């Protein structure tokens, strides 16, 4: 298995632009998580899905952030418009719903200028 | 809100055992102790978890005190590649919510 796949690995954009991060979970996993990591705030859970349905989005910082999971093998995290304070590493993770071992992807390093 | 406290950093000599402590004084009876680690520039990696019995796998051992208010992760023979931030997390197994709350962790530096 290739593990959790994220793209792009690095993204540099200008303030105000739309950013879309992508994630492919491990095949067969039915829970998917989006995290953000910064030096100041550490690793924060943004949102998670069970069986493609958003369960808890309380960590999404504001309306500029949105996440979708149209099917079991794909999810997106979108920031529109982006701001410099959104600069961070964004991780996607997946797990079996009844197994708390989460498998993390390599992350997307986002820089908003 | 993290329910655990860990020292911010520790050093360990290569080849020696690394013992990473974690305090969780308010742990509930149905909460498990999980350990993850994050090597620089990588995503976190699951290590081990346990409820009240000591656990061992190919990566580490987990020792939980009898009152379950603290635990220790043991890497029996630390290598340079074990240098990472180690996170101790407590939460309920399974259930309707399936999320982990990461604290600040312990930066373990394995010295040659």
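The values are calculated or read from the model by the stated rules, or taken from the named source; none is laboratory data. Bear in mind that the values here come from a model prediction, so they are computed numbers and not experimental data. Cβ atoms come from the backbone with ideal geometry, glycine included; neighbour counts cover every protein chain shown.
Points to keep in mind about this one:
- When residue A:82 is tested against the conditions (1) over 14 Å from the mean Cα position of the chain (by Cα); (2) within 13 Å of chain B (Cβ to nearest Cβ), the lone failure is (2).
- Boolean, residue A:113 is over 15 Å from residue B:99 (Cβ atoms) and either in contact with a strand residue (DSSP E or B) (Cβ under 8 Å, 6 or more places away or on another chain) or surrounded by fewer than 18 Cβ atoms within 10 Å (Cβ to Cβ) (or both): yes
- Within the stretch A:1-12, considering residues that are closer than 13 Å to residue A:104 by Cα and within 11 Å of chain B (Cβ to nearest Cβ), the one surrounded by the most Cβ atoms within 10 Å (Cβ to Cβ): A:4
- Taking the stretch B:19-35 as the range and being closer than 25 Å to residue B:110 by Cβ and within 14 Å of chain A (Cβ to nearest Cβ) as the test, the residues that pass are B:33, B:34, B:35.
- Extreme residue, farthest from the other protein chains (Cβ to nearest Cβ), among residues of the stretch A:13-60 that are in contact (Cβ under 8 Å) with a residue 60 or more places away in the chain and loosely packed, with under 13 Cβ neighbours inside 10 Å: A:16
- Restricting the first member to the stretch B:100-112 and to residues that are over 24 Å from residue A:91 (Cα atoms), and the second to residues that are part of a loop (DSSP other than H, G, I, E, B), the beta-carbon pairs closer than 8 Å and six or more apart or on different chains are B:110/B:14; B:110/B:78; B:110/B:79; B:110/B:83; B:111/B:14; B:112/B:14.
- Checked against the criterion of being modelled with pLDDT of 95 or more and either within 11 Å of chain A (Cβ to nearest Cβ) or over 15 Å from the mean Cα position of the chain (by Cα) (or both), the candidates B:16, B:91 yield just one match: B:16.
- Qualifying residue in the stretch B:36-58 (condition: assigned to a strand (DSSP E or B), more than 14 Å from every other protein chain (Cβ to nearest Cβ) and either under 30 Å from residue A:4 (Cβ atoms) or in contact with a helix residue (DSSP H, G or I) (Cβ under 9 Å, 6 or more places away or on another chain) (or both)): yes
- The one condition in (1) free of Cβ contacts under 8 Å to residues at least 24 places away in the same chain; (2) out of contact with any strand residue (DSSP E or B) (no Cβ under 8 Å at 6 or more places or on another chain) that residue B:77 fails to fulfil: (1)
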